[in-house]
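The structure appears right after this line, and notes come after that.
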């Protein structure tokens, strides 16, 4: 079962956020693009704190952008989570990003 399977084009300096309801357990987030991008999965409190710091752009750590992103998250509780993808300002004209989120071991 895939929770999220999206292929989107983001202009440089723009981002996309998906709100997803997930059960506790392990999930895998993957992303791939022809240019560098930022990607992450955040629980609701972490997402809200980050948005309070920066309303314009999600504050990913500088230098954490890449062309391929793969990470397993162990979710301690069921609830609302946010997948955030952003293409950096220095990557004109932008990038098509393929984002997958699903249970660990699904792919």
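The values are calculated or read from the model by the stated rules, or taken from the named source; none is laboratory data. If you're wondering where the values come from, they're calculated on a predicted model, not measured in any experiment. Here Cβ is always computed from backbone atoms with ideal geometry, including for glycine, and neighbour counts include all displayed protein chains.
On the given criteria, is residue 51 within 17 Å of residue 89 (Cβ to Cβ), at pLDDT below 95, surrounded by 12 or more Cβ atoms within 10 Å (Cβ to Cβ) and more than 11 Å from the chain's Cα centre (by Cα)?
no
Checking each residue in the stretch 69-97 for being under 18 Å from residue 56 (Cα atoms), outside any loop (DSSP other than H, G, I, E, B) and out of contact with any helix residue (DSSP H, G or I) (no Cβ under 7 Å at 6 or more places or on another chain) picks out 83, 84, 85, 86, 87, 94. When the test is whether a residue is without any contact (Cβ under 8 Å) to a residue 60 or more places away in the chain, in contact with a strand residue (DSSP E or B) (Cβ under 9 Å, 6 or more places away or on another chain) and surrounded by fewer than 13 Cβ atoms within 10 Å (Cβ to Cβ), residue 74 passes it.
Within the stretch 9-60, being in a helix (DSSP H, G or I) and either in contact with a strand residue (DSSP E or B) (Cβ under 8 Å, 6 or more places away or on another chain) or closer than 14 Å to residue 71 by Cβ (or both) holds for 44, 47, 50.
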